[in-house]
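Step one of this worksheet: look at the structure below.
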Amino acid sequence: MADKLIAMRIEEEIKQKAFSLGFDIAGITSAADIDSKQIEKYKHWLNAGFNGQMAFLARNTEQRFSPVSILPGAKSVICVAINYKLAKPAAKGSLKIASYALYPDYHKFIKAKLSELADFLKNKDKNLKFKICADSSPIIEKVLAMRAGLGFIGKNRLLTNPQFGSFLLLGELVTNLSLKPDSPFKGLSCGSCRKCIEACPTGALSDEDFDARRCISYLTIEHKGRIPAELKIKMNSHLFGCEKCLLACPYNDKSPVCEKQKYGFAARKAELKPDDVLGWSKKDFEDFAASSAMKRTGLCRLKRNALICKKNRG
């Protein structure tokens, strides 16, 4: 009985530590393989070519659904999320940049905070083994987060939490600690709401599936080379990413604004015009994108996007 009480206390301590590091939501799930139905669904999506040029999504397919393949001997996965909703949209007339790109690179931020959480756990168990994941790791984050009770996957294909909406960045700490898992999220869902689907400028979202090849976020960030003419005109003023589906979601209407300045996670203002970007030197770009997730996209693609935005303005 005493051991059970200690175990329960450890799970609560882990969550409280996660909150103290700046995460808004935390939950625990087992390291058991994800339901085979999810694997088949993912393979069907890949076979349809919906991943476009993102070939990395087709690598390590089985590993993505098996935390143990990432960390042999894994028993638990600690899932966390941080809210990144901005207080106000960019000024009218400015190029549109996805909110998360205005913060310090979230991959580095989340990994650093999860490393602190791992240090906390090392003090609990000197035999701790762990693997930190944050978006770029080959693991199906949203399904694990849902299994850990963090929320549900909405029609916008994003993890959605009743309190914090879907402006969420995810991270995981896969560990050999045996922890009591939280119950998978159940209850709320999108229901009959289709606002995100209706708001998608290119029809990338549908009730049946998500075609990344038509998504403005994919086109502006991942797609290399020319963008099809019929999609260019629908990019409007989107320089990097698109949040139409997030802004249309009712769960985001009343979700709180991100206030993480004390954790070193604060967004900057970026009011750019197409000619600003088109006039950038390599150094200008590196100075602007130095601590942002935009850096990986590169100057060439951003200039391509800025030129499209300029032509769309006439």
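Summed over region 254-296, the residues that are β-branched (Val, Ile, Thr) and either assigned to a loop (DSSP other than H, G, I, E, B) or modelled with pLDDT under 95 (or both) give a count of 1. Counting only residues that are β-branched (Val, Ile, Thr) and not in a loop (DSSP other than H, G, I, E, B), how many does region 123-150 have? Number of matching residues: 2. The residues of region 248-259 that are of a type outside the set (Ser, Thr, Tyr) and out of contact with any helix residue (DSSP H, G or I) (no Cβ under 9 Å at 6 or more places or on another chain), listed by number, are ASP253, LYS254, PRO256, VAL257, GLU259. Counting the residues of region 198-224 that are of a type in the set (Val, Ile, Thr) and either assigned to a loop (DSSP other than H, G, I, E, B) or not assigned by TED's automatic domain parsing to the domain that holds ARG296 (or both) gives 1. Annotation note: Cβ proximity below 8 Å between a residue of region 53-68 that is touching a residue at least 60 places away in the same chain (Cβ under 8 Å) and a residue that is basic (Lys, Arg) and not in a helix (DSSP H, G or I) (sequence gap 6+ or interchain) occurs for GLN53/LYS224.
Checked against the criterion of being modelled with pLDDT under 95, hydroxyl-bearing (Ser, Thr, Tyr) and surrounded by fewer than 22 Cβ atoms within 10 Å (Cβ to Cβ), the candidates SER115, SER99, SER69 yield just one match: SER69. Selection of region 238-253 for residues being closer than 16 Å to TYR100 by Cβ and outside any loop (DSSP other than H, G, I, E, B) yields HIS238, LEU239, PHE240, LYS244, CYS245, LEU246, LEU247, ASN252. For region 175-223, the set of residues classified as under 20 Å from MET54 (Cα atoms) and touching a residue at least 60 places away in the same chain (Cβ under 8 Å) consists of ASP209, PHE210, ASP211, ALA212, ARG213, SER217, TYR218, THR220, ILE221, GLU222, HIS223, listed by residue number. Of all the numbered requirements in (1) touching a strand residue (DSSP E or B) at 6+ places or on another chain (Cβ under 6 Å); (2) surrounded by fewer than 18 Cβ atoms within 10 Å (Cβ to Cβ), ALA266 misses one, and that requirement is (1).
Could you list, in sequence order, all residues of region 232-262 that are crowded, with 17+ Cβ neighbours inside 10 Å and either at positive phi or aromatic (Phe, Trp, Tyr) (or both)? Result: PHE240, GLY241, TYR251.
Hey, GLY314 hits all of (1) modelled with pLDDT of 95 or more; (2) surrounded by fewer than 20 Cβ atoms within 10 Å (Cβ to Cβ) but one; which does it fall short on? For GLY314, the failing item is (1).
Of the residues making up region 45-93, those that are in a loop (DSSP other than H, G, I, E, B) and under 19 Å from ALA204 (Cα atoms) are ALA48, GLY49, PHE50, ASN51, GLY52, GLN53, MET54. Across region 216-255, the number of residues qualifying as in contact with a Phe, Trp or Tyr (Cβ under 7 Å, 6 or more places away or on another chain) and closer than 16 Å to LEU169 by Cβ comes to 4.
Yes or no, residue by residue, for (1) among the hydroxyl-bearing types (Ser, Thr, Tyr); (2) over 22 Å from ALA267 (Cβ atoms); (3) not assigned by TED's automatic domain parsing to the domain that holds GLN38:
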| position | (1), (2), (3) |
| --- | --- |
| SER69 | yes, yes, no |
| ASN83 | no, no, no |
| LYS131 | no, yes, no |
| SER137 | yes, yes, no |
| ALA145 | no, yes, no |
| GLY154 | no, yes, no |
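The values are calculated or read from the model by the stated rules, or taken from the named source; none is laboratory data. All of these numbers come straight from a predicted model, not from anything done at the bench. FYI the Cβ positions are ideal-geometry reconstructions off the backbone, even for glycines, and counts take in every protein chain you see.
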